[in-house]
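**Student:** Have a look at this one.
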Amino acid sequence: MSTIISVNNLHKSYGGAAALRGVSFDVEVSELTAIIGPSGCGKSTLLRCLNGLELFDSGRVRIGEITLDLDNGLSHRDFNARLRRLREEVGMVFQSFNLFPHLTAMENAMLAPMVVKKVDRRKAESTARELLAKVGLSDRLDYYPSQLSGGQQQRAAIARALAMEPKVMLYDEPTSALDPSLVEEVLNIMRKLDDEGMTQVVVTHEMRFARDVADKILVLADGELIESGLPDVIFSSPSDERTRAFLRRYL
Amino acid sequence: MIEISARERGRQHRAWGGAQRNPRKGAPKIIQACEAGDRDVANTNCYESQRNQLLATSCRPLRGLDTLYHNQFLGFRYASPQALCRRLLRRLKTGCAAQKKSQAMPGLTVGSLRHALLFFALLCSVLPAKAQSGDQPLRWGGDAEGGAPYLLPNPKNPREIIGFEVDLMDAVGKRLNRKSVFTQNQWDGLIPGLQRGNYDLAVNGIEITDDRKQQVNFSIPYYACGEQLSVRAGENSINSLADLKGKVVGTLKASLAQRILERAGGIDVRSYENQNNAYDDLALGRLQAVLMDWPIAVYYSKPNPKLKFVGPSIEWMEYGIAARKEDTELLKQVNDALLALIKSGELRRIYEKWGIWNGETDQLFAGISSASQPGQVYQEFTQNITKKLTWRERLERYKSYLPPLLLIGAPMTLLISVLGMAVAIVIGLAVALIYLYAPRPASWLARGYVELFRGTPLLIQLYLIFYGLPNVGVKLSPLVAAVVGLGLNYGAYEAENYRAGIEAIPRGQMEAALSLGMTRAQSLRHVIVPQAMRLVIPPVTNDFIALFKDSSIVSVITMVELTKVYGQLASTYYDYIGAGVLTAAIYFLMGLPFVRLARWVEKRLATDRRVVVTAKRRRFGVGAKPVEG
């Protein structure tokens, strides 16, 4: 097993309030890592730091061969270029889907490859068709986001991210905005990707999913990584008091 | 039509008269020409006494003369008998002087000598003038909205411009062997338009004044007249300028009449853009008197039975043809042609045809023949505006409005509006993006642009673009200037629309695009702007309709569009209501398809299709909820 994500002593604060206080962890290839913790503990911030949507104050993030590091003396332009290269390797799925409402499901999945990777339309089309089939939306190719249910939208968003052929997928509470009856269809896709060997990092409140599917659990509280380890260990015998208090509310 | 100081007027008059009286030797052509103007003693004598008799029996009585002005400048015409005698004597003397050259000089005052020399020089320069090539048209500018008898659309065929100045310029053109071509231009902008090179001569009742002479050269005067006072038919207390104290008096904006009224003091002066409105208000009782250039009064006040003329005409003014300073050659030719026209009596025939041959011009041309009859055109015109129309005739007339409105006005309005809006949308989008995303100095500039163009009047912007920019070497055609002007002005509003639209797109959209590896520019282009565009369709449609109507302002930079055509028709037929309703209807009907189109596009492009709620559902409070599936 080799390490694909390496996070080193990450610090981030908004104004005076510290959101991340020296977070470090590694993710191995093909692992599904679940980040859990109480609201406002910095889970989403941590995830967004991984693809540069948030810039951290100090520390280092390495994904594959690309290292983000604020004091490496890169020019603004070079830094942005590196950021884009990193984002090409990392797919992101949002709590609120953020599908492009003016494009159909197909077009949503075709846009980035065509614009960023200059893939020709036919190739982009066949890839999009394939991926939408994979997430179970073969019959919704030409639907606009507003014509899709929440679960369908989130699956289309996953297909859109996959179209860039990322090495890593990040999910920021992907099922929190969904009707409970629709949660499972999204989690199933993530299970399927896990089976295929995709490296995934998921911020989630679906504890059952985390326990059943995750290879590793990270518990975040107050901007610190208070506990990490195998799901069985974390869920059955958490060592930190805060983890116990948090899990009691969910299980 | 426009005021000048009293002293100026006197000087001009003397310059013209003086030169006539003092032909130089060694210039046979000039002497000939001048002799045409310079009556011999007997003739003058006869002419003056004739005129005196005429005046005594004239419908314009000598009573109530404003002697201040008349003694000063009008000189002999309405002046006291003593003054008349002095005048006659002087005429006699200079007449002799012309015959006996050796004695000529002592008979001249320094002032008249200077003017005589000037005029002499002017005439001398006519001699070497060569006939210009006949192919090049003689382009001249005027404002057909000014109305009868100067320039107006032909009531029988509104697409044709007629007027005594058209006849004059046709005659001049014929003399120069060049085709006379009329160019429409807002009256206020005639001289700037001349300097821009829109045309080579400006002819539209432009009074020769010193301040204008700073900017352009004038031909010899082609017409002279005074100001005429009109009152309601039953009014007996007002008979002269002196009776106007404390009264409400209307006149044309920025005219000599306005200056006279203001100078008189104690008069409540109301200035109008349009002669019809002033006379209408007089008939309605909003005004107690109206003072206007005599030819205008003859056409717009005299035929109205509710109004009457009082007093003789006041002051003196002369109309000249304006040419650019550098076009001395052309001016020489024009002067030559005018002299020839005066001499042959052709010009007088034109004025008689239009019923505006008057004492002043008679005097200006130094009395070629006797009293005039109202011309045929004048009679037709007055019949036209005084006639009571039957419904059938009225409908016929409205029908005749349609071709100029629909064939000239409407297409131009449409063209300007559509092009202007296209420019506004492009500018607006660019400025909004710069404002939101560009680094500091650029975004400040964008902001400055919006504030500047939104905060200043479109009218002034248009003037600056059309008349101001040529000073720095940017000369735009009227159409381009109109489109650029409207585009820049509305661009500022569109920029704000787009800024609002872009800011209304949820942040998650940009984040999603960025996290897919797009650059900021790519995200804007493919994700943000397309959504913002759909969002701003309603406000942009709104602005388009506003621009559509605002396009009427471009008539100030010589564009003939719908409102301009309306103005011309209204002043020709004396019909503001019928033509106005018709024009408004055309604006409305032309705007309608665009509103419909915008609705349709908006509906088609709606990003959230489920949220297209019918009015009925909205009324019952049933919103559209995305169906979970």
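Quick note: the coordinates plus some simple rules give every number you see, no bench work behind them. Small disclaimer: the values here were computed from a predicted structure and weren't measured. A quick note on method: Cβ atoms are made from the backbone with ideal geometry, for glycine too, and the neighbour counts reach across all protein chains shown.
**Student:** Using a Förster distance of 51 Å, how high is the FRET efficiency between B:Phe588 and B:Ala340, based on the Cβ-Cβ distance and rounded to 0.05?
**Tutor:** 0.50
**Student:** Distance check, please: which entries in B:Lys564/B:Lys603; B:Lys174/B:Lys475; B:Lys213/B:Lys306; B:Lys302/B:Lys332; B:Lys156/B:Lys332; A:Lys12/A:Lys167 exceed 28 angstrom between their Cα atoms?
**Tutor:** Checking Cα-Cα distances, B:Lys564/B:Lys603; B:Lys174/B:Lys475; B:Lys213/B:Lys306; B:Lys302/B:Lys332; B:Lys156/B:Lys332 exceed 28 Å.
**Student:** Now, a different point. If each residue's Cβ is checked for other Cβ atoms within 10 Å, how do B:Arg599, A:Arg60 rank with the fewest at the top?
**Tutor:** Ranked by crowding around the Cβ, least crowded first: B:Arg599, A:Arg60.
**Student:** With +1 on each Lys and Arg Cβ and -1 on each Asp and Glu Cβ, and nothing else charged, work out how big the dipole of region B:391-619 is about its Cα centre, in Debye to the nearest 20.
**Tutor:** 960 debye
**Student:** Now for a separate question. What residue among A:Ser39, A:Ser181, A:Ser149 shows peak mean-square fluctuation when chain A is described by a Gaussian network model with Cα springs under 10 Å?
**Tutor:** Among A:Ser39, A:Ser181, A:Ser149, the largest mean-square fluctuation in the Gaussian network model of chain A belongs to A:Ser181.
**Student:** Which one, B:Tyr574, B:Met518, B:Ala532, is farthest towards the positive end of the dipole of region B:517-583 when Lys and Arg carry +1 and Asp and Glu -1 on their Cβ?
**Tutor:** B:Met518
**Student:** Averaged across orientations, what area in nm² does the convex hull of the alpha carbons in region A:3-250 project?
**Tutor:** 13.7 nm²
**Student:** For B:Lys179 and B:Arg447, calculate 0.36 nm times their separation in residues minus their Cα-Cα distance, and state this gained length in nm to one decimal.
**Tutor:** Residue separation times 0.36 nm, minus the Cα-Cα distance, leaves 91.4 nm.
**Student:** Let me ask another. Can you give me the three principal axis dimensions of region B:176-255 from its C-alpha atoms, in Å, biggest first?
**Tutor:** Its Cα atoms span 52, 26, 23 Å along the three principal axes.
**Student:** Fewest first, what order do B:Glu511, B:Glu207 take by the number of other Cβ atoms within 10 Å? Let's see the in-between values first.
**Tutor:** Numbers: B:Glu511 19, B:Glu207 24.
Ranked by crowding around the Cβ, least crowded first: B:Glu511, B:Glu207.
**Student:** Could you work out the Kirkwood radius for region A:61-161, taking every pair of different alpha carbons, averaging 1/r and inverting it, reported in Å?
**Tutor:** 14.8 Å
**Student:** Hey, if you put +1 on the Cβ of every Lys and Arg and -1 on every Asp and Glu Cβ in region B:391-619, which of B:Val431, B:Thr563, B:Pro478 ends up farthest toward the positive end of that dipole?
**Tutor:** The listed residue farthest towards the positive side: B:Val431.
**Student:** Could you give the dipole magnitude of region A:3-250 about its Cα centre, charging the beta-carbon of Lys and Arg +1 and that of Asp and Glu -1, in debye to the nearest 20?
**Tutor:** With Lys and Arg at +1 and Asp and Glu at -1, about 540 debye.
**Student:** Based on the inverse mean of 1/r over its pairs of different Cα atoms, what is the Kirkwood hydrodynamic radius of region B:391-619, in Å? Don't skip to the end; give the middle numbers.
**Tutor:** Details: mean 1/r = 0.0502 Å⁻¹.
Computed over region B:391-619, the radius equals 19.9 Å.
**Student:** Once you treat every alpha carbon in region A:112-245 as an equal point and sum by Debye, what is log10 I(q)/I(0) at q = 0.18 Å⁻¹?
**Tutor:** Debye output, listed in q order: -1.04.
**Student:** Taking H placed 1.01 Å from N in the peptide plane, check which residues at least 5 places from A:Val119 or on another chain put their amide H under 5 Å from its amide H.
**Tutor:** Correct list: A:Met114.
**Student:** At q = 0.13, 0.14, 0.17 Å⁻¹, what log₁₀ I(q)/I(0) does a Debye calculation on the Cα points of region B:224-317 give, no solvent, two decimals?
**Tutor:** -0.33, -0.39, -0.59
**Student:** Another question, if that's okay. When chain A is modelled as a GNM with alpha-carbon springs shorter than 10 Å, which of A:Val233, A:Val203, A:Val29 fluctuates the most?
**Tutor:** Among A:Val233, A:Val203, A:Val29, the largest mean-square fluctuation in the Gaussian network model of chain A belongs to A:Val233.
**Student:** Here is a follow-up. Summarise the partner chain shielding of B:506-513 as one whole number: the mean count of Cβ atoms from other chains within 10 Å of each residue's Cβ.
**Tutor:** Average per residue, whole number: 6.
**Student:** Among B:Met518, B:Met590, rank each residue by its count of other Cβ atoms within 10 Å, from fewest to most, as a rough exposure measure.
**Tutor:** Neighbour counts put them in this order, fewest first: B:Met590, B:Met518.
**Student:** Could you size up the charge dipole of region B:224-317 around its Cα centre, putting +1 on the beta carbon of Lys and Arg and -1 on that of Asp and Glu, and report it in debye to the nearest 20?
**Tutor:** That gives a dipole near 140 debye.
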